[in-house]
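Report on one structure; see the data block that follows.
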C-alpha cells in the first residue's frame with residue numbers, strides 16, 4: 001500500500017511517499033481503508049521534534065513517539081474511511097461501515113490502510129488512546145477527517161473549564177482547528193461567545209456564530225474585553241500577545257482560564273460520539289482551509305508550519321463518491 005513515511009525528525013522534506021506492507025488486523029481489530037486524513041499542528045510538532053530532549057516535555061515526547069526517529073514512521077492522527085476487514089472478535093463494526101477516528105499516539109493515518117482496535121486500550125500514562133465510531137451521516141469523508149482533532153480537543157478543554165449554558169465565553173485563537181470548533185460548540189451549549197483572531201479571519205469567525213470578534217492586531221483590542229466565565233486559549237502557550245495576557249485577568253470571580261497546553265488530553269469515545277451528534281444536529285461543521293493529495297504531504301506540512309491556516313488542512317488519500 002502507499003504511505004507517507006517519516007524515517008527521521010526534521011523539516012517537511014523528511015516526509016516521503018513509499019510502498020509499505022498492508023497491515024493485517026488482529027482478532028480485536030478492524031482494517032480501515034482510509035479515504036481522508038488531516039495535517040494537524042501536533043503532526044508538525046512530532047515530525048520536527050520541536051521540543052529539546054532536555055525539556056521535560058521533550059523527554060516525555062521522546063518516550064512516547066521515539067528518540068532520534070518516530071517509532072511509527074507513518075504519522076497522522078485522524079482519519080475517515082471504511083471498514084475493509086474485521087478480526088474474529090470484533091462485534092461493533094462490520095465490513096463496509098463508514099467510520100472516523102482519532103488514532104492518538106498510535107499515529108498511522110498517512111496511509112491507504114490502518115488497523116485499529118475495536119475498543120480503546122489503556123497504554124502508558126503519556127500515550128493518547130485511539131477512539132473510533134461511525135462517521136456522521138451528513139458529512140463527506142474529507143469533512144469527517146477534519147473533525148476529530150479540533151472537535152475533540154475543543155470539547156475536552158471546554159469541559160475542563162466547566163462550560164455551562166448561559167455563560168460569557170471567550171475563545172482566543174478562534175480561527176484554527178481547535179478554535180473554530182470551540183466557537184461552534186460553545187454556541188451550541190447556549191453561550192455568548194467572543195472570538196479572538198486576526199483581521200483576515202474576522203468574517204469567518206462571525207460566520208461560525210461568534211457574537212463578538214476581537215482583532216488581536218488592533219491597537220485598542222484590550223479595551224474591548226469584557227468579563228468572562230470561561231476563557232479558552234486555543235493556540236497554546238507558545239503564542240502570546242498583550243491581549244492574551246489581559247485575557248487571564250478578564251474573568252468573573254468564578255471564571256476559568258484554560259489552555260490547550262494544560263495537561264495531557266485523553267479523548268474518549270463519549271467525546272467523539274458527542275461531536276458526531278452535534279454535527280448530525282447541524283450545530284457544528286468543520287472548516288477546511290486547503291485540501292492536498294497524499295503525494296503532496298510535505299507541501300501540506302509546510303503550509304501548516306506557517307501557523308496561518310484557517311481551520312483544517314485535509315489530505316485526500318483515496319477517492320470515494322459516497323457521502
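Work out, in µm²/s and without decimals, the Stokes-Einstein translational diffusion coefficient of the chain at 20 °C, 1.002 mPa s, Rh from Kirkwood over C-alpha pairs. Translational diffusion coefficient: 107 µm²/s. Which angle between 0 and 90 degrees, to the nearest 10, do you get for helix 56-65 versus the longest principal axis of the chain when only C-alpha atoms count? Around 30 degrees separate the two axes. Taking Cα atoms only, the orientation of helix 177-188 departs from the longest principal axis of the chain by about 60 degrees. Counted over the range 94-207, the DSSP beta bridges are approximately 45% antiparallel. Among 257, 149, 172, the largest mean-square fluctuation in a Gaussian network model of the chain (Cα springs under 10 Å) belongs to 257.
Please identify, among 240, 130, 102, the residue showing maximal mean-square fluctuation in a Gaussian network model of the chain using a 10 angstrom Cα cutoff. Of the options given, 240 has the highest mean-square fluctuation. With the alpha-carbon atoms of the range 151-259 aligned to their principal axes, the span from lowest to highest coordinate is 32, 30, 25 Å, starting with the largest. With springs only between Cα atoms under 10 Å, which of 219, 270, 82 fluctuates most in a Gaussian network model of the chain? Of 219, 270, 82, the most mobile in the Gaussian network model is 219. Note on 259, 223: ascending count of other Cβ atoms within 10 Å places them as 223, 259, the fewest first.
For the range 164-182, the residues whose amide N sits under 11 Å from a probe point set 7 Å from the Cα of residue 211 along the beta carbon direction are 166-170. The angle separating the long axis of helix 148-160 from the principal Cα axis of greatest extent in the chain is about 50 degrees.
A short reminder: the numbers here are calculations on the coordinates, not readings from a lab. This structure is a prediction, so every number in the text was calculated from the model and none was measured. Ideal geometry is used to build each Cβ from the backbone, glycine not excepted, and the neighbour counts take in all protein chains shown.
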